[in-house]
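Colleague: Got a structure here, written out as structure tokens. Questions coming.
Readers should treat all values here as calculations from the given coordinates under stated rules, not as data from a laboratory. Since this is a predicted model, take the numbers as computed values, not measurements. Please note: Cβ atoms are built from the backbone with ideal geometry, for glycine as well, and neighbour counts cover all protein chains shown.
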Amino acid sequence: MGHLLMENRNALIVETDLTQASGTAEREAALTMIDRHRPGSKRITLGADKAFDVEEFVGALRERNVTAHIAIDGHVTKTGKTRKTAIDGRITRHPGYLISQCIRKRIEEGFGYIKAVAVLRKTRHRGTARVGFVFTLAAAYNLVRIPKLMQAPS
């Protein structure tokens, strides 16, 4: 599985990771990428989809001084009960939470580019190291966007 970490302001990919697929690979990769990329101890936010709405993961983010702007997974279980969410009102009441929920969808642009333009829908390589290298190289599409972002606003 390929994983991307994006900064929200300009939707630039700042970190990539490739892992073996498992039920918890996305959450483990997210914590690994945060630990590798995090510049300091300043509080940051992490926007994610409802697959990340797990108490264990949200607790790990709080230990790292990260505010979890995660979509709430409030589906109804087979027994008719609403699933308990790890995201509480302290997070959802802030306007930044709604902004993060809108912007987090832009990560799909990176995956779309990797699949369509960089032709990684199906890899030609074998092995985690080789596929990881090609995945990271494909995610470097940010280089195409940087000159446009650096232009002075008119």
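Colleague: What would the Debye equation give as log₁₀ I(q)/I(0) for the chain at q = 0.15, 0.16, 0.17 Å⁻¹, counting only Cα atoms as equal point scatterers?
Modeller: Treating every Cα as an identical point scatterer, log10 I(q)/I(0) equals -0.89, -1.00, -1.10.
Colleague: Then there is this: Could you tell me which helices of the chain pass both thresholds, a Cα extent of 24 Å or more along their own axis and a mean Kyte-Doolittle hydropathy of at least 1.0, with helices taken as whole DSSP H runs? Intermediate values should be presented prior to the final figure.
Modeller: Values: long enough: none.
Span-like helices here: none at all.
Colleague: To the nearest 20 debye, what charge dipole does the stretch 2-106 have about its Cα centre, counting +1 at the Cβ of each Lys and Arg and -1 at the Cβ of each Asp and Glu?
Modeller: Around 440 debye, computed over the stretch 2-106.
Colleague: Of the candidates 128, 136, 82, which one comes out as most mobile in a Gaussian network treatment of the chain with C-alpha springs shorter than 10 Å?
Modeller: Its mean-square fluctuation being the largest, the pick is 82.
Colleague: Using Cβ contacts closer than 10 Å as the measure, can you line up 53, 35, 73 from fewest to most?
Modeller: 35, 73, 53
Colleague: Further question on the same structure: What share of Cα pairs, in percent, lie more than 18 angstrom apart in the stretch 1-88?
Modeller: It works out to 47 percent of all Cα pairs.
Colleague: Non-local amide H neighbours of residue 45 (under 5 Å, H modeled in plane, Pro and chain starts lacking H): which ones?
Modeller: Close amide H contacts, sequence-distant or interchain: 67.
Colleague: Per DSSP H run of at least 4 residues, take -39500 (n - 2.57); add these up for the chain, divide by its residues and hand me the 222 nm value, nearest 500 deg cm²/dmol. Spell out each step's value before the answer.
Modeller: On the way: 7 runs with 65 residues, N = 154.
Here the helix-only value at 222 nm equals -12000 deg cm²/dmol.
Colleague: Measuring from label point to label point, each 7 Å out along Cα→Cβ, what is the residue 136 to residue 55 span in nm?
Modeller: 3.7 nm
Colleague: In what order do 67, 92 fall by count of nearby beta-carbon atoms within 10 Å, going from fewest to most?
Modeller: Ordered from fewest to most neighbouring Cβ atoms within 10 Å, 67, 92 come out as 92, 67.
Colleague: Right, something else. Taking the Cα centre of the stretch 77-154 as the origin, how large is its charge dipole in debye, to the nearest 20, when only Lys and Arg (+1) and Asp and Glu (-1) carry charge on their Cβ atoms?
Modeller: In total the dipole reaches around 440 debye.
Colleague: Then there is this: Select from 20, 60, 95 the residue farthest towards the positive end of the dipole of the stretch 2-106; place +1 on Cβ of Lys and Arg, -1 on Cβ of Asp and Glu, and compute about the Cα centre.
Modeller: 95
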